Amino acid sequence: VKIEIYNSRLGFRVLIGNIYISTKNLLRIINLNEATNQEHREYFRITVSDEAFIYSTDPKAVYVPAQSEDGNQQEGLCVSLVDISLGGILVKVPEEMPIGEEFCIKIPAIGADVLYRCIVRRKVGFGNDDIGMGCEFQDMSVLQEDLLYRFILKRQNAQLKRVR
């Protein structure tokens, strides 16, 4: 069984154990270990299929948002989220970004107009012409982390309801 725990001091932890006894009133779990001891990922991630917008401060980047005629900033480069965790995201992008590139991303599905700073850590192939970029979140505030955590739990809950 996989158990997800969130502690305000220690953060998000995923534990894995074996069910020893299970009744309607009791569940006893043995051999409880942190999932990071068995998995390479630090955070639990969920599959999503939402759009997001990437913004760059580099004037040479193709995804710098343009200024509209009324002076308001237009949306940045539209990308598709593949999965998300408290540590980062995997996105499908129309153009490859170099590893180490920093950018900001807005994820409208989170429900708040918040930008997350990210850095590209790896490239991922999907077997077709799609380009995937594994990106790590940088310097999140408590508010950003809380919004992201709530989004992940909400999506995971919806996925579990669909399975049932």
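The residue list Glu42, Glu69 contains one member that is in a loop (DSSP other than H, G, I, E, B), modelled with pLDDT under 80, of a type in the set (D, E, K, R) and surrounded by 15 or more Cβ atoms within 10 Å (Cβ to Cβ), which is Glu42. When Asp83, Asp113 are checked against the criterion of being among the charged types (D, E, K, R) and part of a strand (DSSP E or B), Asp83 stands alone in meeting it.
Let's see how each residue does on (1) more than 24 Å from Val14 (Cβ to Cβ); (2) modelled with pLDDT under 90; (3) charged (D, E, K, R):
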| position | (1), (2), (3) |
| --- | --- |
| Tyr55 | yes, yes, no |
| Asp58 | yes, yes, yes |
| Val79 | yes, no, no |
| Ile84 | no, no, no |
| Glu96 | yes, yes, yes |
| Cys118 | no, no, no |
| Gly125 | yes, yes, no |
| Ile131 | yes, yes, no |
| Gln138 | no, no, no |
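The values are calculated or read from the model by the stated rules, or taken from the named source; none is laboratory data. Only a predicted model underlies this, so the values are computations on that prediction, with no experimental measurement involved. Virtual Cβ from ideal backbone geometry, glycine too; neighbours counted across all protein chains shown.
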